[in-house]
Structures are given as structure tokens and as C-alpha cells.
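Have a look at the structure below before the remarks.
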């Protein structure tokens, strides 16, 4: 009996986690039938009158949070997971027979889950239907087209020697004016390029180098050289090298049509946020929102007070929430661009999430092009990788916040 009780507890946890949407976002490529369609996938098991189909099996597995997906992995995981679904179906049918759905507490939970699932479904619809306008695409492209530039490349040769004295002899001959190819033929010990006068071939910045692999020192030096210039001897990965640069081809900016899908994908986070907020405001016109008691909106919820509360908080999540309320509820206030900049700053410097920070800063530049923080946002984007690796503490963020307030004269 005790073992069965434990089993039911585990099933309850499985049901709760699945219902709460703790797993991965459901893929649009699911084998589940379309809404309103009949499920023609194979039946894996039947429990009384209830069928467990392949589509239902796949859908339930995708709903699992990562921890439970890890549990149902390895050998024979499909059978183990089907056993869980069978047990669940048994309990479900018995609960229906015993009229558990009429229990007031159960009805509250079912209602809460129904609200959550439908809200999630509509949020998914928003994500699928939020698309940037042609004007937004063109504006974004005009501003960031250089980021889509292809990689430049240089033609590189080298002389590689194990012994320092030998590489210095080769370097001395180059200094006397001997041709690089001739010196390479005599001194180069690299088996990959020895029969090719030291020719490595074309390399990209930070890209793979024949016989060396990925090496920033070699790559950076090659790109810093002028045409037909050679370097001083460099010690790299256990060998001495003299690097010689040939032709260089600059990366080209593609046309907008060639990378339009990439541009739209890069714009999607901002498009989704704008579409989401717009839909919420439109829906609120149909279903007016009223707050009661301690949750009633007061003067403390105006943008100035929200901004002040954000500045006084030491919790980065609370600060972002205060700033986000300004951006979402008071987008036309004088505090909105400040708040959006601070969200990006916290993402970058306190949470070490440079990807989110770049989205915030770009949203600022798109929605508030006249903001005095546009230049700062551009600088933060250019340095986002480096900033994200060197987190600062909350005091530094407070200092920047103080500077912003001082600039605004608040």
C-alpha cells in the first residue's frame, strides 16, 4: 500500500509539472493532429475506453520539464514513459467515476490550469504572428547592415621552425632582401606547407589555420600586416613562425533581399514585445481591468515613482520589473527611454546576459531614436561581449543610474 501511495505521489508531480508548462515550448512540428482534427496516429495502449496514441505520447513528452525528460531517457525509456501514462489514465478514469471533478478545490485547480493553458496558447499565437513592418525592416537594415558583412580574408604564408636560431637565420635573410618564397623553401619545417613555399592559403579573422588550428595570435598578426609584409619571429604553439601576408579580400555587405529572413529573425524579439503590448492594450479596452484594496493603482505607480523605486532596489529582478512597468505602461513618458536603457544595462552588467542586453539597446534605438542614450546604447552593443564577461556589482549600476538622473535633472 505504501509503495502504491509513493507511486501516486510521483504521478501527481508528473501531472503538475506538465500542466505548469515547465518543459520546452511545444514545437510546431509535433505529430499531434491539428486542432479539431482526428488523431490517426497509432494507438500505443488502451485503458478502458481511453486511448493513448503516438501523437498524445509525443505531445506529453514534449511538455515535460528538462528534469523529467532526463528521467525518461536511456534504454527502454519509451516503455517506462508509457507505463506512467497508463497509470495516469487509470487514476484519471477512476477520479472521473468518483466525481472528483465536482470537488470545489479540484474545480479551482482545473479552472486555473484552463486559464493558464489558454493564455499560453494565445501568447504562442502572438509570437507566431508578430512580424516587423517593411518600414521597420528597412530602418533596421540601414542602421545595422554592416553587421551582415561577410568575413574578410587574407592569403597567408609562413616559415615555421622548431629552433629559435634557425628562424632568426631565416629572418636575417628576409631582412637582406631575399624573396620570401626562396627563404621558405630553405627553412620552413611545416609538413603541411613545406612543398608549397610556406603557403597556408586563405584565412578568416579568428578562423581555422592549416596545421595550426584556431589561434588568435597568428590570425591577428596576419590581418595586421600590410600587403607583402612579413612579421618578426613569433612563438606560437611550440614553434617559431614568420608570417607573410599576400592578397586581402574585404568582406562584402549582402543585399537586403539576400539576408531578409535573418533581419526579420533579428527583429522578431522587438516585434513580439511591441505586438504583445499592443494586443494587451486592445484587449483591455474590451475587458476593463480594475484593481482592489492594496492592489489599487496609486500615485506610487506613476513613472516617476516607479523609476525611484527601481533606483532604490538592490534586487536586479525587482529593478527590471519596475523599469519594465514604465516601458510597458508609460511608453510616452520622459522616463521610458531611461528605463529601457537601464534594463539593458542590468542584463549586461549585473546578470551577464549580453544577448538580452543587445536586444534591449536595439529596441531603445528603434523606439526612441531621439533619446540622448542612443550613443550610449551603441557603445554598449559594440562592447557587449566584453561587458558580459566582466560583471559589475549593483553599486556600479547605481552610479550609472545616478548619472542618468543627474543628466535628466531629476
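Where in the stretch 333-357 is the amide nitrogen less than 14 Å from a point lying 7 Å along the Cα-to-Cβ axis of residue 284?
Label zone hits: 333.
Taking a ≥ b ≥ c as the square roots of the eigenvalues of the Cα gyration tensor of the stretch 272-357, is the shape rounded (a/c under 1.5), prolate (a/b larger than b/c) or oblate?
oblate
Can you give the FRET efficiency to the nearest 0.05 for residue 103 and residue 308, using r as the Cβ-Cβ distance and R₀ = 51 Å?
For residue 103 and residue 308, the calculated efficiency is 0.65.
As an exercise, use a Förster radius of 25 Å and the Cβ-Cβ distance of residue 96 and residue 45 to find the FRET efficiency, rounded to the nearest 0.05.
Efficiency, rounded to the nearest 0.05: 0.90.
Assuming R0 = 45 Å, can you tell me the calculated FRET efficiency for the pair residue 178 and residue 146, based on Cβ-Cβ distance, to the nearest 0.05?
With a Förster radius of 45 Å, E is 0.65.
Tell me the label-point distance for the pair residue 301, residue 260, using the 7 Å Cα-to-Cβ offset, in nm and rounded to one decimal.
4.3 nm
At 10 °C and 1.306 mPa s, what whole-number value in µm²/s does Stokes-Einstein give for the translational diffusion of the stretch 93-171, with Rh from the Kirkwood sum over Cα pairs?
Result for D is 77 µm²/s.
Run the numbers for residue 71 and residue 163: contour at 0.36 nm per residue of separation, minus the present Cα-Cα distance, in nm.
Details: separation 92, 0.36 × 92 = 33.12 nm, distance 5.52 nm.
Gain in length upon complete extension: 27.6 nm.
State the extension gain, in nm to one decimal, for the chain segment bounded by residue 291 and residue 374, taking 0.36 nm per residue of separation less the distance between their alpha-carbons.
Length difference between fully extended and current span is 26.3 nm.
Distance in nm between label sites at residue 352 and residue 116, each 7 Å beyond Cα in the beta-carbon direction?
The answer from the label model is 3.1 nm.
Please report Rg (one decimal) and Dmax (integer) in Å for the Cα set of the stretch 153-249.
Rg and Dmax of the stretch 153-249, Cα atoms, are 11.9, 34 Å.
Given the C-alpha atoms of the stretch 222-337, compute the convex hull and give its volume per residue in Å³. All intermediate terms of the calculation are to be shown ahead of the outcome.
Details: hull volume 30.7 nm³, N = 116.
About 265 Å³ per residue, rounded to a whole number.
Calculate the length of the line joining the C-alpha centroid of the stretch 314-351 to that of the stretch 53-110, in whole Å.
Cα centres, the stretch 314-351 to the stretch 53-110: 40 Å.
Throughout, read-outs are computed from the coordinates displayed, never taken from laboratory work. Note that the structure is predicted; figures quoted are calculated from it, not measured. Cβ atoms come from the backbone with ideal geometry, glycine included; neighbour counts cover every protein chain shown.
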